Amino acid sequence: MAGAGAAQSAAWSAGKVAAAFRARFGTGPAWLVRAPGRVNLIGEHTDYNEGFVLPMAIDRAVWIALRLRGDREVVAVSVDFAEEKTFGLDGLRHDGKGWWEYLKATAWALEEAGHRLAGWEGVLAGDVPIGAGLSSSAALEMAAARAFAAVSGLPWDPVAMAKLARRAENEWVGVGCGIMDPLIIGAGREGHATLVDCRSLEMRPAPLRPGTAVAVLDTSTRRELTGSAYNERRAQCEEAARALGVRALRDVTLADLDTRGGVLREVVRRRARHIVTENARTLAAAEAMEAEDAFQVGRLMNESHLSMRDDFEISTPALDAMVECARGEEGCYGARMTGGGFGGCVVALVDEATAPAFLEGVASRYRERTRLEPTLYLCHPEAGVSLARSAAE
Ligand code: GLA
């Protein structure tokens, strides 16, 4: 069901950007790029601590229809923002805040890595909600990377490109995020979540048990990731690693924290405890997925939420309310906030057979409790970034 819906919505989105391309540029596009959003099942803020994450690419995406230009200009139209922007690839400069900055950030990182890029003209559209913790910005960066690679004749290596997208985000956009988002967006597998070792970048597919579904429960509250809170958490984790004499918190066990945690400030000790316990939960969740034990995965998700609420302090009253509403419904194995935190979405593992009733029940509980209007849907795990030669060319 979810898969068929995904295929339909993909066909609709591809048709929409191709039609908008024709309307603006007079012919069909040469290429169609699709870069999915992602939801993380467990393993939050562990990526930049060289630990473990368990995300999946989803059936919501950013699309670009494009063709090569003969010069080094990029002309891009955003259907969603009803805006057109042009910039040159020579002497790239910051120019305010907006979707086009992610295109420039990506171009900058690719050129910094020694790639000589060609210009293109194209149309963008997407249905990954912005600021909801589903990685709309990494989807846009990976879509841009795929577009530049296509027109410039660069080989497509999802891992190498994910590293460049992270650099774009770190150094151009100014968010100290980790590798998780661009990596899963580049390398996601249909029907699977992926356990990623964020030190070695080794990836292991973790199948979603038949009969279970992943629900995304959007609180309709938003966060600003470039805000200082994300970077502050990262700095606190680095402070803990330095004080404990390790390269990253990945190298710390709970026993280490018990014996040597006294050297840390109280708040930093709690941040470290989240990372250390979250790494263990993420490994355990991947094993439970392989064993098709949805109850165990759900328990670990519930514990993860408490750790983010109390130790890492990245949850909010709306996220906590949504988690409680989800857990109060039948057929919910577990629920937790997902992504960077401070607003956005909760992810829940649910029984597929009762999922429609689950979504209805959560919506009415959440509305009643918060007076906010949520957006709730099931997500299907999809493959990562794709490129197609357009049939309309
Ligand atoms: C954001 C960042 C990721 C990761 C998550 C939290 O999505 O982009 O690198 O740190 O937050 O797990």
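Residues in segment 81-118 that are of a type in the set (S, T, Y) and farther than 19 Å from S137 by Cβ: T86 only. Across segment 350-376, the number of residues qualifying as of a type outside the set (G, A, S), open to solvent by 10 Å² or more (accessible area, probe 1.4 Å) and touching a residue at least 12 places away in the same chain (Cβ under 8 Å) comes to 12. Of all residues in segment 316-339, those that are within 19 Å of L54 (Cα to Cα) and surrounded by fewer than 24 Cβ atoms within 10 Å (Cβ to Cβ) total 1. Considering (1) within 16 Å of the ligand (Cβ to nearest atom); (2) at positive phi; (3) not acidic (D, E), the lone condition that G91 does not fulfil carries the number (1).
Among the strands (runs of 3 or more DSSP E) confined to segment 156-241, there are none with at least 3 residues that are out of contact with any Pro (no Cβ under 8 Å at 6 or more places or on another chain) and within 14 Å of the ligand (Cβ to nearest atom). Within segment 332-350, how many residues are touching a Gly at 6+ places or on another chain (Cβ under 6 Å) and either in a strand (DSSP E or B) or hydroxyl-bearing (S, T, Y) (or both)? Summing the residues that are touching a Gly at 6+ places or on another chain (Cβ under 6 Å) and either in a strand (DSSP E or B) or hydroxyl-bearing (S, T, Y) (or both) in segment 332-350 gives 6. Among the candidates E360, E313, the residue that is acidic (D, E), at pLDDT 95 or above and within 16 Å of the ligand (Cβ to nearest atom) is uniquely E313.
Taken as a whole, the condition of being over 22 Å from the mean Cα position of the chain (by Cα) and small (G, A, S) does not apply to A143. When we screen L134, L140 for residues that are among the hydrophobic types (A, V, I, L, M, F, W, C), within 11 Å of the ligand (Cβ to nearest atom) and surrounded by 24 or more Cβ atoms within 10 Å (Cβ to Cβ), the only hit is L134.
For (1) more than 16 Å from the ligand (Cβ to nearest atom); (2) outside any strand (DSSP E or B), each residue gets a yes or a no:
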| position | (1), (2) |
| --- | --- |
| R38 | no, no |
| H45 | no, yes |
| M56 | no, no |
| A61 | yes, no |
| A65 | yes, no |
| D71 | yes, yes |
| V74 | yes, no |
| V77 | yes, no |
| E84 | yes, no |
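Looking at segment 24-32, is at least one residue within 16 Å of the ligand (Cβ to nearest atom), open to solvent by 40 Å² or more (accessible area, probe 1.4 Å), of a type outside the set (A, V, I, L, M) and in contact (Cβ under 8 Å) with a residue 40 or more places away in the chain? No: segment 24-32 contains no residue that is within 16 Å of the ligand (Cβ to nearest atom), open to solvent by 40 Å² or more (accessible area, probe 1.4 Å), of a type outside the set (A, V, I, L, M) and in contact (Cβ under 8 Å) with a residue 40 or more places away in the chain. Suppose we keep only residues that are farther than 19 Å from A139 by Cα and among the small types (G, A, S) within segment 377-393. Which one would you say is surrounded by the most Cβ atoms within 10 Å (Cβ to Cβ)? Per the criteria, the residue is S390.
Taking every residue in segment 173-189 that is over 16 Å from L41 (Cα atoms) and pairing it with any residue that is part of a loop (DSSP other than H, G, I, E, B) and near the ligand (Cβ under 8 Å from one of its atoms), at least 6 positions away or on another chain, the pairs with Cβ-Cβ distances below 6 Å are V175/L225.
The values are calculated or read from the model by the stated rules, or taken from the named source; none is laboratory data. Predicted, not measured: the structure shown is a model, and the values here were computed from it. When we count neighbours, we look across all protein chains shown, and the Cβ atoms used for this are built from the backbone with ideal geometry, even at glycine. These area figures cover heavy atoms from the full protein model, side chains too; ligands, DNA and RNA do not enter into them. Shrake-Rupley method; radii C 1.70, N 1.55, O 1.52, S 1.80 Å.
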